[in-house]
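The next block holds one structure in the form of structure tokens; read it before the comments.
The values are calculated or read from the model by the stated rules, or taken from the named source; none is laboratory data. Just so it is clear, the structure is predicted and the values come from calculations on it, not from any experiment. A quick note on method: Cβ atoms are made from the backbone with ideal geometry, for glycine too, and the neighbour counts reach across all protein chains shown.
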Amino acid sequence: MNNFENQLYQSLMVGDYAGEGDLIQLITDDEGDDATQQDSYSSVIPILSVRNTVLFPGVVIPITVGRQRSIKLVKKAQRGDKLIGVCAQVNPNNDDPSWDDIYHVGTLAKIIKMIVLPDGNTTIIIQGKKRFKISETLTEDPYFTAKADYLEENFPKNNKKIEALEESLKDAAAKILHLNPEIPREAQVALDNIDNTPFLTHFLSSNINAPVEAKQKLLEINDGVERATLLLEFMMKDIQMLELKSEIQKKVHTDIDQQQRDYFLRQQMKVLQTELGEEGPEKEVEELRIKGALKKWPKTVAQHFEKELDKILRINPSAAEYPIALNYAETLVELPWNEFTDDNFDLKRAKNILDKDHHGLEKVKERVIEYLAVLKLKNDLKGPILCLYGPPGVGKTSLGKSIGKALGRKYIRMSLGGVHDEAEIRGHRKTYVGAMPGKIIQNMKKVKTSNPVYVLDEIDKLSSDFRGDPSSAFLEVLDPEQNSTFTDNYLEVEYDLSKVLFIATANSLDSIQPALRDRMEIIEVTGYTMEEKLEIAKKHLIPKQRKEHGLKASDISFDKNAIIKIIEDYTRESGVRNLERAIGKVVRNITKSIAMEEEYQKKVTTDAVRKILGGEIFDKESYQDNSVAGVVTGLAWTSVGGEILFIETALSRGKGKLTLSGQLGDVMKESAMTALSYLKSKAEKLGIDYRVFDQYDLHVHVPAGAVPKDGPSAGITMLTAMASLFTQRKVKNKIAMTGEITLRGKVMPVGGIKEKILAARRAGLKEIILCQKNKRDIEEIDEQYIKGITFHFVDKVEDVLEIALLKAKVEDPMKFTFSSENNSN
């Protein structure tokens, strides 16, 4: 039922609701009431703003009043002459409208009855009396009041055009009632009893299916003929919509009848095919039954499969369920059930393959060889769930392929970046249209073996939304105790994934939910040193790029210093992706020279590298001397490896305000506040005048302001920078530090030590301050990475300051001056 029909029905009922007798009696007596009272209407009236409603003269409607301003207005009017001005709001969503938010042409209304509802709202039954236009706004508080000029109705009498319009309006209203059987038939009786053209226009204008703007336009038109013509136009549009709706419904019924006819015809055709001996679904089912007999699946799955085949025989081939049931049976029979590839237990061969494909990564290689060794002796081992965790470009994904080659197993890779639908992992139930298994089962179907090497790439990039949480779906897949009975929503039977060697890759562990991380064996794949990158470039990247660009070994060779220049001056990363791109650019340049038959130098030197790649992108040594107090070098971990950062501090006259800048995260901000609080508590011991904290503002800045930074690792760095500034003691040259601090002055351990040390080494730093508990991380790092670096292991902040700050003060120290007022305090 549309707006027109709803309001028409409500208008018929509202008279009884208001307790004022029959509605038709109310509306037919209204004209005489106006004639006798219009001269006595006050020119100053209270204004009630209403939402989504336009009141017309003679029409009775209920309105719920909830705003305090409106309730005060209604109660005041109820105690007086019960007359109020009703104006529609321009924006119905505005809870506190001003004069500019309401239309200035409205209808004077009389309150017939007021009812206070249990929820505190007030409902009033009002009847429109006369149109008015606001000539002057008076008050807004406690409610709107305004001066009004009343508008006369301009409906010419004994005019054939107006009579024709009246008949047309009644015919249009009758047609609307006829097209919608949901409207009570009494509505036609109400229309037949209206013989007043102005009221007919007002009544139908109030009930047409049109927006508030259109109804307001009708209310503002003074010419009766013009208003009735526009009203008729709106009603004709409503009739067209109802006719279209009726036509669509008839068409739908016709389609259903056609479907029933087709069903009977297909049933007859099936009988004829059987009589003629033509093939039906029986042959397809029999072929599936033969394939099923050869499968090595569990007895429960075999029984389930047979039941599904019997069900297919009972389904009509023309029914929509038939292809769904057939696809399901085909999926079951095509999956590998206890079908394995033979593992190659030649451990030396496996080690050679891993060493050949990847330089370094000793922990990962050792873990794979251990797995093979146990499998060789026991011949039955659940596949471990390995998670290779490290920065981009270090070879995590390609390592999975090498492991598959070393084991002699088939290899599958599933990219999880951006997967946010649980059904992509567990599949859809067969009841859904277009249902299919999840990607886990789909890939097992493609690989046709039950023990592949399965790489789950970028597992930290999983996301979740209203369609479910895929990372939670992986809890069963990646649990060695549960994945032997993995159940896909589409399969509906248990599938054994315990023999699959799952290898997940991730750049960060923070975004992996704890329960999922607990199910995996985390193996950290750290970044490469310059020496390792040099070997990788020689053995892997240069031969690969040469082959991809169609060059022979005799066409191009790289000088060792040229490769080092590319690594140090054109790339700064933990992995080797950018290094490979830079080498590719050099190789392409040589390829172009060969193709154009130009002379070129076969051996790529440092000069050739600079000519091809342009000016150096990175400085070999990005460390900056600490020429002033308050600047300290810190170490940070990023997703692409380690970086050095500088903490800069400055003091200015003020009131002890702390300012932090450089896009710092919450944890880093807390480290700065902790450092400042510690210095305040130990000011006397550190030789700092306590008044500096109250009379000077402190600004802490971390350069590269466009780059977000967070984490607790900069705790001792910030504290050292502040202590250096307040005591005016410079920081030692070529020293860096990393560690978390507490309010008691304890130094706590942090992560990413290897990456941070590599960054310090790249920058030419000679000394590093770490927490005593991080000593175990240093012991696990190859000696060649830490050669030439002196490590200081500390437990307390006092030790950090003792090591980092120079004993002597600067020659021209900052002169702190303090106000006498604060000094007296």
| query | Considering 764, 752, which residue is on the phi > 0 side of the Ramachandran plot and touching a strand residue (DSSP E or B) at 6+ places or on another chain (Cβ under 8 Å)? | reply | 752
| note | Scanning segment 612-628 for residues that are at pLDDT 85 or above and surrounded by 13 or more Cβ atoms within 10 Å (Cβ to Cβ), the one nearest to residue 757 (Cα to Cα) turns out to be 613
| query | Out of segment 659-698, which residues are surrounded by fewer than 16 Cβ atoms within 10 Å (Cβ to Cβ) and in contact with a strand residue (DSSP E or B) (Cβ under 8 Å, 6 or more places away or on another chain)? | reply | 659, 661, 663, 665, 669, 673, 697
| Say we look at segment 93-115 and pick out the residues that are more than 23 Å from residue 135 (Cα to Cα) and among the charged types (D, E, K, R); which of these is surrounded by the most Cβ atoms within 10 Å (Cβ to Cβ)? | 113
| query | Could you count how many residues in segment 448-464 are on the phi < 0 side of the Ramachandran plot, surrounded by fewer than 19 Cβ atoms within 10 Å (Cβ to Cβ) and not hydroxyl-bearing (Ser, Thr, Tyr)? | reply | 2
| said: Can you find, within segment 79-92, the residue that is surrounded by the most Cβ atoms within 10 Å (Cβ to Cβ) among those that are assigned to a loop (DSSP other than H, G, I, E, B) and free of Cβ contacts under 8 Å to residues at least 24 places away in the same chain? | reply: 90
| task | Within segment 723-780, count every residue that is at pLDDT below 90 and within 37 Å of the chain's Cα centre (by Cα). | result | 11
| query | Out of all the residues in segment 417-428, which are of a type outside the set (D, E, K, R), in contact with a helix residue (DSSP H, G or I) (Cβ under 6 Å, 6 or more places away or on another chain) and within 21 Å of residue 450 (Cα to Cα)? | reply | 425
| task | Could you check segment 486-600 for helices (runs of 4 or more DSSP H) lying wholly inside it with 1 or more residues that are aliphatic (A, V, I, L, M), within 31 Å of the chain's Cα centre (by Cα) and closer than 23 Å to residue 403 by Cβ? | result | 514-518
| query | Does residue 511 fit the bill of being over 20 Å from residue 333 (Cβ atoms) and either surrounded by 15 or more Cβ atoms within 10 Å (Cβ to Cβ) or in the same structural domain as residue 397 (by TED's automatic domain parsing) (or both)? | reply | yes
| said: Looking for something modelled with pLDDT of 80 or more and either in contact with a helix residue (DSSP H, G or I) (Cβ under 8 Å, 6 or more places away or on another chain) or part of a loop (DSSP other than H, G, I, E, B) (or both) - is there at least one such residue anywhere in segment 812-823? | reply: no
| request: Would you mind stating whether residue 564 is out of contact with any Phe, Trp or Tyr (no Cβ under 8 Å at 6 or more places or on another chain), closer than 27 Å to residue 617 by Cα, hydrophobic (A, V, I, L, M, F, W, C) and surrounded by fewer than 21 Cβ atoms within 10 Å (Cβ to Cβ)? | output: yes
| query | Of all residues in segment 334-381, which are touching a Gly at 6+ places or on another chain (Cβ under 8 Å) and within 30 Å of residue 289 (Cβ to Cβ)? | reply | 341, 342
| request: Using the structure shown, decide if residue 557 is surrounded by fewer than 21 Cβ atoms within 10 Å (Cβ to Cβ) and under 30 Å from residue 801 (Cα atoms). | output: no
| query | Listed residues 362, 370; which is surrounded by fewer than 16 Cβ atoms within 10 Å (Cβ to Cβ), under 40 Å from the mean Cα position of the chain (by Cα) and either within 22 Å of residue 456 (Cα to Cα) or not assigned by TED's automatic domain parsing to the domain that holds residue 502 (or both)? | reply | 362
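For (1) of a type in the set (Asp, Glu); (2) modelled with pLDDT of 85 or more; (3) assigned by TED's automatic domain parsing to the domain that holds residue 122; (4) under 25 Å from residue 238 (Cβ atoms), each residue gets a yes or a no:
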position: 7; (1), (2), (3), (4): no, no, yes, yes
position: 21; (1), (2), (3), (4): no, no, yes, no
position: 26; (1), (2), (3), (4): no, no, yes, no
position: 46; (1), (2), (3), (4): no, yes, yes, no
position: 66; (1), (2), (3), (4): no, no, yes, no
position: 72; (1), (2), (3), (4): no, yes, yes, no
position: 100; (1), (2), (3), (4): yes, yes, yes, no
| query | Somewhere in segment 585-596, is a residue under 30 Å from residue 389 (Cβ atoms), touching a helix residue (DSSP H, G or I) at 6+ places or on another chain (Cβ under 8 Å) and free of Cβ contacts under 8 Å to residues at least 60 places away in the same chain? | reply | no
| message | Against the condition of a type in the set (Gly, Ala, Ser) and either crowded, with 20+ Cβ neighbours inside 10 Å or under 18 Å from residue 393 (Cα atoms) (or both), how does residue 537 come out, does it pass? | response | yes
| remark: Of 227, 266, the only residue that is modelled with pLDDT of 70 or more and either surrounded by 12 or more Cβ atoms within 10 Å (Cβ to Cβ) or within 30 Å of residue 171 (Cα to Cα) (or both) is 227
